[in-house]
1. Just give me the residues in the stretch 98-125 being surrounded by 15 or more Cβ atoms within 10 Å (Cβ to Cβ), modelled with pLDDT of 90 or more and touching a Pro at 6+ places or on another chain (Cβ under 9 Å), in sequence order.
2. With respect to Arg21, is the statement that it is in the same structural domain as Phe76 (by TED's automatic domain parsing), at pLDDT 55 or above and charged (D, E, K, R) true?
3. One residue is enough: does the stretch 68-75 have a residue meeting the conditions of a type in the set (D, E, K, R), modelled with pLDDT of 90 or more, surrounded by 10 or more Cβ atoms within 10 Å (Cβ to Cβ) and over 14 Å from the mean Cα position of the chain (by Cα)?
4. Filter the stretch 92-129 down to residues that are among the aromatic types (Phe, Trp, Tyr) and in a strand (DSSP E or B) and give me whichever is nearest to Asp58 (Cα to Cα).
5. Name the single residue, out of those in the stretch 47-67 being under 16 Å from Tyr93 (Cα atoms) and surrounded by 12 or more Cβ atoms within 10 Å (Cβ to Cβ), that is nearest to the chain's Cα centre (by Cα).
Amino acid sequence: MTAFVSSLLIALFAWFQQPARDAPARPRPGTATISGMVVTEDTPPQPVRRARVLLAGDLTADSETATSDDSGHFVFRGIPTGRYLLQAVHPPYLPAFYGASRPGRAGTSVVVAADGQAIQNLTIRMPHGAAIEGLVTDATGRRWKERPYRRCGSGTRRGLASAR
């Protein structure tokens, strides 16, 4: 019986003494800065004010957001070393990645190689979006499904959406 009580006490002691799970590793704060400007694809380019600029790291699901000022400038501070993608979003423009050759295409990574690095003068060019509305008809000129439709989409997302 003493062996049973001893075993029980040892099991309880071991159960209460389990180490806590490791806390998830927090990214170490950095000292780099990434800055640039959001402009239209017009000639000459015009600044896009109040565009939401997203900075997403390759190795983390975390992202940061900045808003461009009235002259289109944005800045991210306290960035650790790593590779990042930049995307600008602001209706009525199509979302655009830094370094993308066309809308809907992947952009170029921004590499922060060392703490304290200042990456400046990045330019994100945003094309104007557009919408076309009308009626879809068959070969005889009758309305298709008796409902108005509009074509919508950009890049690889295309289709018809009900205008109602």
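1. Val112, Arg125
2. Judged against the criteria, Arg21 is not a match.
3. yes
4. Among them, the one singled out is Phe97.
5. Restricting to residues being under 16 Å from Tyr93 (Cα atoms) and surrounded by 12 or more Cβ atoms within 10 Å (Cβ to Cβ), the top hit is Leu54.
The values are calculated or read from the model by the stated rules, or taken from the named source; none is laboratory data. This is a predicted model, so every value here is computed, not measured. Here the Cβ is made from the backbone with ideal geometry for all residues, glycine too, and neighbour counts use every protein chain on show.
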